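The values are calculated or read from the model by the stated rules, or taken from the named source; none is laboratory data. No experiment lies behind these values; they were computed from the predicted model shown. So basically every Cβ, Gly included, is an ideal-geometry build from the backbone, and we count neighbours across all protein chains shown. The accessibility values were calculated without ligands, DNA or RNA, using every heavy atom of the protein model including side chains. Shrake-Rupley method; radii C 1.70, N 1.55, O 1.52, S 1.80 Å.
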Amino acid sequence: MPKILLYYGSSTGNTEDAAERIQRAFEHIQPGLVEVINILDDSRLREMDAYDKLILGIPTWYVGQLQADWEALLRKKRLQKKDLCGKQVALFGAGDQAGYPDTFIDAVGIVGNICQQQGAALVGRWPTTGYEFEASLAVENGCFIGLALDYENQPELTDERIATWVQQLGVEFGLVRTTDQ
């Protein structure tokens with residue numbers, strides 16, 4: 001069984017693309033490490049229970065809104081009922097920092113807050129350096145609580161950001177030592 005579950009929602013394909021890139025980047029650490037599930041199949045949410053390491057992909061829509069599949073999941077209180085104690089959760093999301101600078105990747109902050117309330121330990125914090133935005137619910141102590149991607153304004157940085165973040169997660173998840181990189 002893979003050691004990491006990556007659960008994502010996507011409407012335009014950007015977050016799906018990022019999820020696939022993240023899975024491929026983990027292949028360099030260890031083949032078969034990550035299982036990817038689209039949130040559209042919300043019946044598979046129960047599979048989270050079998051994993052201690054989770055990656056959640058949450059795109060932000062319009063003015064700080066959740067993507068439709070994430071919105072439906074939270075409206076049903078499915079994630080809010082999960083016991084995430086003892087689990088490490090890494091978050092990533094896509095947003096538009098130029099078009100929505102006051103709510104850039106807010107959905108990551110919304111889901112991250114729920115995960116913390118349910119007992120998860122968030123890993124994979126990401127620097128805000130290199131982004132131009134005004135505010136985000138995903139910023140704590142000067143860092144994003146997860147990887148921030150912007151397919152609209154900085155698509156050329158996506159591969160490098162994912163590669164760096166996956167290496168960081170490899171260490172934080174205890175899969176590699178810092179000297180192994």
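Going by the conditions given, is A121 surrounded by fewer than 20 Cβ atoms within 10 Å (Cβ to Cβ), touching a strand residue (DSSP E or B) at 6+ places or on another chain (Cβ under 7 Å) and not charged (D, E, K, R)?
yes
So which of E152, E160, E134, E156 is open to solvent by 50 Å² or more (accessible area, probe 1.4 Å), outside any helix (DSSP H, G or I), at pLDDT 95 or above and over 14 Å from P59 (Cα atoms)?
None of the other options fit; the residue is E134.
Could you please find all residues in segment 1-18 being open to solvent by less than 40 Å² (accessible area, probe 1.4 Å), under 16 Å from K53 (Cα atoms) and touching a residue at least 60 places away in the same chain (Cβ under 8 Å)?
Across segment 1-18, the qualifying residue is only I4.
Could you look through segment 19-52, keep only residues that are closer than 13 Å to Q67 by Cβ and open to solvent by 10 Å² or more (accessible area, probe 1.4 Å), and pick out the one that is modelled with the highest pLDDT?
Out of the qualifying residues, it is N38.
Against the definition (of a type in the set (S, T, N, Q), open to solvent by 20 Å² or more (accessible area, probe 1.4 Å) and out of contact with any Phe, Trp or Tyr (no Cβ under 7 Å at 6 or more places or on another chain)), how does Q88 come out, yes or no?
In short, no.
Could you tell me which residue of segment 168-181 is surrounded by the fewest Cβ atoms within 10 Å (Cβ to Cβ), considering only residues that are touching a residue at least 40 places away in the same chain (Cβ under 8 Å) and not acidic (D, E)?
This residue is V176.
How many residues does segment 36-84 contain that are more than 23 Å from E20 (Cα to Cα), touching a helix residue (DSSP H, G or I) at 6+ places or on another chain (Cβ under 6 Å) and in contact (Cβ under 8 Å) with a residue 40 or more places away in the chain?
1
Quick check: is even one residue across segment 95-105 closer than 13 Å to C115 by Cβ and open to solvent by 10 Å² or more (accessible area, probe 1.4 Å)?
Within segment 95-105, none of the residues are closer than 13 Å to C115 by Cβ and open to solvent by 10 Å² or more (accessible area, probe 1.4 Å).
Can you tell me how many residues within segment 139-149 are assigned to a loop (DSSP other than H, G, I, E, B) and of a type in the set (A, V, I, L, M, F, W, C)?
Residues in segment 139-149 being assigned to a loop (DSSP other than H, G, I, E, B) and of a type in the set (A, V, I, L, M, F, W, C): 1 in total.
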